[in-house]
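Working notes for the structure below.
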Amino acid sequence: METIQLTNIKKIFHLGGETVRALDGISLTVSEGEFLAIIGTSGSGKSTLMNILGCLDRSDHGEYFLEGLRVSEMDNNALADIRNQRIGFVFQGYNLLSRTTALENVQLTMIYRRGNRINDPKKKAENALEMVGLKERMHPEPNQLSGGQQQRVAIARALVTDPAIILADEPSGNLDSRTTEEILSLFQRLNDEGITILLVTHEMEVAEHAKRVIDVKDGRIINDYEISHRRYASM
């Protein structure tokens, strides 16, 4: 089953009289259960692509389908619902609320969800935190957690609404090498359990933990290949 289908996506910015083609005809299909890394240098277009995949921005041309839904034709309210219900975000900076426990950070995603209310959000949040290895660390606030633990909370928050995809933007950017391996190992385990993951990075060592890699340069996909000998992180 195709989770994502992009066809001839283009995005153009006008900066100081100059026309910049941030995306110049991107076509991409991602199947359910894939672990895809999107890699590129600064200015390659990978961040613009991530914003469109995450329904944070719109393309100027082309079509985007997410689980058969025509995202490219949706209004702002419908896009907000897609972000809230079908996409789990994991950011480099964690984006956790201070003075709020790990459990409450994960619960809030469901409490403020529009429509399709979740029964017993506390229990569901507890289950998500247990999935990421924080069964014993649900009640500390973010400043009482290590960077790796904060990122695990962010991953639990992304998981808790059962999204179609998890979109991770440089998720190991603020972590040391050992903790990076732990977080990437967690993503691998979640993917092995059937969760579709898209990871945006500029580091090949990070991308090699995925099953498939696309290289983006000058707004185009220049390479799209499977990782034949997938690099497994160690816990």
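If the condition is being over 18 Å from T41 (Cα atoms) and touching a Ser or Thr at 6+ places or on another chain (Cβ under 6 Å), then segment 195-228 contributes only T196.
Those strands (runs of 3 or more DSSP E) of segment 1-93 in which at least 2 residues are among the aliphatic types (A, V, I, L, M), considering only elements entirely within it, cover 2-15, 18-31, 35-39, 87-91. Here D192 meets each of (1) of a type outside the set (F, W, Y); (2) within 15 Å of the chain's Cα centre (by Cα); (3) over 28 Å from S42 (Cβ atoms) with one exception, condition (2). Out of I82, I118, I87, one residue alone is aliphatic (A, V, I, L, M), crowded, with 16+ Cβ neighbours inside 10 Å and modelled with pLDDT under 90. It is I118.
Tell me whether segment 53-74 contains one or more residues that are over 23 Å from H209 (Cβ atoms), in contact (Cβ under 8 Å) with a residue 24 or more places away in the chain and touching a Gly at 6+ places or on another chain (Cβ under 6 Å). No: zero hits. Taking the stated definitions as given, is E203 surrounded by 17 or more Cβ atoms within 10 Å (Cβ to Cβ) and touching a strand residue (DSSP E or B) at 6+ places or on another chain (Cβ under 8 Å)? Considered against the rule, which asks whether it is surrounded by 17 or more Cβ atoms within 10 Å (Cβ to Cβ) and touching a strand residue (DSSP E or B) at 6+ places or on another chain (Cβ under 8 Å), E203 comes out as no. Quick check on H139: is it touching a residue at least 60 places away in the same chain (Cβ under 8 Å) and either surrounded by fewer than 20 Cβ atoms within 10 Å (Cβ to Cβ) or at positive phi (or both)? No; evaluated as a whole, the condition is false for this residue. Pairing residues of segment 88-107 that are under 14 Å from L145 (Cα atoms) with residues that are basic (K, R) and part of a loop (DSSP other than H, G, I, E, B), at Cβ distances under 8 Å and at least 6 apart in sequence or on separate chains, gives A102/R137.
Where strands (runs of 3 or more DSSP E) fall entirely within segment 130-235, those with at least 3 residues that are farther than 26 Å from S98 by Cβ are at 197-201, 212-217, 220-226. Within segment 173-185, if we keep just the residues that are within 20 Å of M50 (Cβ to Cβ) and touching a Gly at 6+ places or on another chain (Cβ under 9 Å), the residue that is surrounded by the most Cβ atoms within 10 Å (Cβ to Cβ) turns out to be I183.
Being surrounded by 19 or more Cβ atoms within 10 Å (Cβ to Cβ), of a type in the set (S, T, N, Q) and free of Cβ contacts under 8 Å to residues at least 60 places away in the same chain is the requirement here; does Q150 meet it? Against the criterion (surrounded by 19 or more Cβ atoms within 10 Å (Cβ to Cβ), of a type in the set (S, T, N, Q) and free of Cβ contacts under 8 Å to residues at least 60 places away in the same chain), Q150 qualifies.
The values are calculated or read from the model by the stated rules, or taken from the named source; none is laboratory data. Because the structure is a prediction, the values reported are computed rather than measured. Ideal geometry is used to build each Cβ from the backbone, glycine not excepted, and the neighbour counts take in all protein chains shown.
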